[in-house]
Each structure stands twice: as structure tokens, then as C-alpha cells.
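Chemist: My questions all concern the structure below.
Nothing in this text is a laboratory measurement; each read-out follows from the coordinates by a stated rule. Only a predicted model underlies this, so the values are computations on that prediction, with no experimental measurement involved. Quick reminder, even Gly has a Cβ in these numbers, built from the backbone with ideal geometry, and neighbours come from all protein chains shown.
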Amino acid sequence: MKIMKTLMASAAMLLATQATAEVKVGMITTLSGGGAGLGIDVRDGFMLAVEMAGRDDLEVVIEDDQRKPDIAVQLADKMIQSEGVDILTGIIWSNLAMAVVPSATAQGKFYLSPNAGPSALAGRGCHENYFNVAWQNDNLHEAAGAYANSAEYANSFILAPNYPAGQDALTGYKRMYEGELAGELYTQLGQTDYAAEIAQIRASGADSVYFFLPGGMGIAFLKQYAASGVDLPVVGPAFSFDQGILQAVGDAALGVVNTSQWNKDIDNAANAAFVEAFETEYGRLPSLYASQGYDTANLILSAMDVADVDDQDAFRAALEAADFASVRGNFEFGSNHHPIQDIYVREVIKEGDIYTNRIIGTGLEDRGDAYAADCSLN
């Protein structure tokens, strides 16, 4: 297949085999700078699904938001007002989602999130044209809190970046965690030096550490934590122990427990086909982010099979039905258009020369989110 051979050197790409496609998707994601690996994986998973479907009625325009809210807003306005997109997707970071999603839906466009799931958009800020195909931000952290209880951790030190997803992360952990807190810290978004935080952990009397630090932040923290000699058990969400991060961290991550709604060993036909196709296409194992991009594309394609995107009520109903084969297995939307799904407990292992994860249990079953009751769509 090798669809990515034609990727542009610039930030934009157009995929179409007809002069005019029936549905036009605008993907705004992070393709450069810190966190680029996350956006690249979402893009690659999404485009793999389009390629595997063999469709000629879907056009995709891709732009790099550079992890900057103002750039993301400019790109979204251009796509909506000048390029005529029907659907927007792709954003990784919750602060960018908060800048783009309300404006996009106010302009009558669908937004399907393949990653960011801030609480503000799940509750009172929900919208009929906004769907999250990944999770609500709190979910994986809630499962981690539940796991910490089962592991009998009683005095966790917790930390996350100070932005919407980081705030949701610690809120989610504390919602389920029954022990005491040895400390609670918010770090800077994009921070790479954690000497001060590790010193506080060392002096805190904690019996465990829970952290949410996605992308390069997680790589930096894990390496410095391993070198520090602090030997407290570490728990985290999948974002801190995903494929790209694990290869950079190496042995320091082995044995660490983390939580995720997806893993490559989930036993269903859709997941097996996805993992095999992704590895064949790109020469690497898929990540959590790639799986979310893949499911997002397949959700769009499933809606296109039964409704015209110009008939918004019919297309919305088709999205709500979620009639596609998710790599996660059972998948449905709650009343606020966020998933109801199982959240798994994983352990970092090594398969040959590759660091990866395996499922060792289920943290939460059929988990929705804590904000749906505040959504006006109920």
C-alpha cells in the first residue's frame, strides 16, 4: 500500500481520486515539534483506514497545528470558510481542542475527536455535532486509581502538566483512588527537567507514584526517575507508556503498570487486521493514538454508508449508531457523544527487541464518564 509515500514536505496533503469528493475532512494535528509523534500516529491510523476501505468519496486535508492554539484556530477557520470541509478531526491536545471545537460546531460543522477529551466538552459544553472517539480525559486515570486500590497503594504522589488534560487526569485518579496523597503537583506543559519534582517525591514518604506526562515529557521524566534511584512503583495512563515513548525509554519502563482502552492484543478480528496492516504499512507497531485515528476514520465511513453529510440530522444519527467494527471490540456512545467502553490494565514488557504492553486485567468495565449528566443532549 505505502500510502504515506506521497505525504507532502509542507504541512498540507490532499487525498482524492475524484475532482469533487462527497465528504471532505479537515485534519488538524501536531506534526512537528514536541508531541509530533502523537499526531503522526493519529494521521497514519486514520489514513490507513481510508486506504483499506478503498473509498473514492472521501477527501482529506491535513495541516500541522504546531501544538499552538492560535495556529489551530486559524487552520480551522480556513478549512471551514475557504476549503469547505464537512468534518474536522485530528487535535491531540486539550487546550487546542478547547480553542477549536466550540467555534467549529458553532459554524455548523461536525468535530470528531481522535484524542483530546476535556471535561468541559463532555458536560455543559457538549454539542450535538461534537463526538469523542477516544475517551473522556478522566477515564484512563480513573482506571489507574481503581488499580492503585487493588494494589493496596495507600499514599500516592501524583503529578501532571498544568493544562486541561492534566487537570482532568488528576481529578480522574482521585475520583477512584481511596488512599492518601503524599503530594500533588502540576508541572509546566512541555517541561523536560524533573529534578525538583523527583526530589519532592523522594522526600514525600509516598508508597507509589502516579503521573500523566504525554509525549516527550513522559520520556524525560521516566529516564530521570530511573536514574534517580527512587524505587517506588510507578503507575500511569497509556499516554505515558505508549509505543513511541517505550522505545525511547527502554528498560526503565519494564514492568510498569498503565491503563488503556486499547492494546494490540485485544482479541477481535478488526484489531488483528489493524495491527497487521499498520505494521506492514509503516514498519512499526501501532500506538494507542494510531488505533484512535483508525477508529475515527471507520466511524466516518460507517456514517457515509447510510447518510448524506449534508443531511446533518441523518448523518448525526449515523454517527451516534457507531455501526463499525472498532479495534476495541464493543463500542458505543453515551448520551454526551463520549464512549462507553472497557478500560484495561497493561504491563510494559519486551518482545524481542521491541518494548510494548500486554493486557493483565480490566480496570473498569463499560465506563462512561462523570460529566454526561450535565450535558444538555440527555
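Chemist: Can you tell me the orientation of helix 312-321 relative to the chain, as the angle in degrees between its alpha-carbon axis and the longest Cα principal axis, to the nearest 10?
Modeler: 40 degrees
Chemist: Follow-up. Send over the semi-axes of region 212-319's equivalent ellipsoid, whole angstrom and largest first, taken as the square roots of 5 times the C-alpha gyration tensor eigenvalues.
Modeler: After scaling each eigenvalue by five and taking roots: 36, 16, 11 Å.
Chemist: Just check region 271-378 against the gyration tensor rule for me: Cα atoms, a ≥ b ≥ c as the square roots of the eigenvalues, rounded for a/c under 1.5, and otherwise prolate or oblate depending on whether a/b exceeds b/c.
Modeler: Taking the square roots of the gyration eigenvalues as a ≥ b ≥ c, region 271-378 is oblate.
Chemist: In terms of Cα to Cα distance under 20 Å, which aspartates and glutamates are near enough to residue 78, apart from those fewer than 8 places away along the same chain?
Modeler: Once the sequence-local aspartates and glutamates are set aside, what remains near residue 78 is 22, 59, 63, 64, 65, 70, 86, 310.
Chemist: For region 128-188, what mean projected area does the convex hull of the alpha carbons give, in nm²?
Modeler: Projected over every direction and averaged, the Cα hull of region 128-188 covers 4.8 nm².
Chemist: Kindly rank 191-202, 34-45, 100-111 from highest to lowest mean number of other beta carbons found within 10 Å of each residue.
Modeler: 34-45, 100-111, 191-202
Chemist: I've got another one for you. Helix 164-176: angle to the longest alpha-carbon principal axis of the chain, degrees 0 to 90, nearest 10?
Modeler: Taking Cα atoms only, the helix is inclined about 60 degrees.
Chemist: I'd like the distance between the alpha-carbon centres of region 266-287 and region 62-87, rounded to an integer number of Å.
Modeler: 29 Å
Chemist: Suppose we keep just the DSSP beta bridges with both residues in region 211-357; what percent of those would be antiparallel, to 5?
Modeler: The antiparallel fraction comes to roughly 75 percent.
Chemist: On a 0 to 90° scale, report how tilted helix 288-304 is relative to the longest principal axis of the chain, with both axes built from alpha carbons and the result rounded to the nearest 10.
Modeler: So the helix axis and the longest Cα principal axis differ by about 30 degrees.
Chemist: Right, another one. When DSSP assigns beta bridges and you keep just the ones with both residues in the chain, what percent turn out antiparallel, to the nearest 5?
Modeler: Just about 35 percent of them are antiparallel.
Chemist: For residue 350, go through the aspartates and glutamates and keep the ones whose alpha-carbon is under 15 Å away, minus same-chain ones fewer than eight residues off.
Modeler: Within reach: 242, 251, 265.
Chemist: Right, something else. Work out Dmax and Rg for region 143-229 from the C-alpha atoms and quote the Rg first, both in angstrom.
Modeler: 12.3, 32
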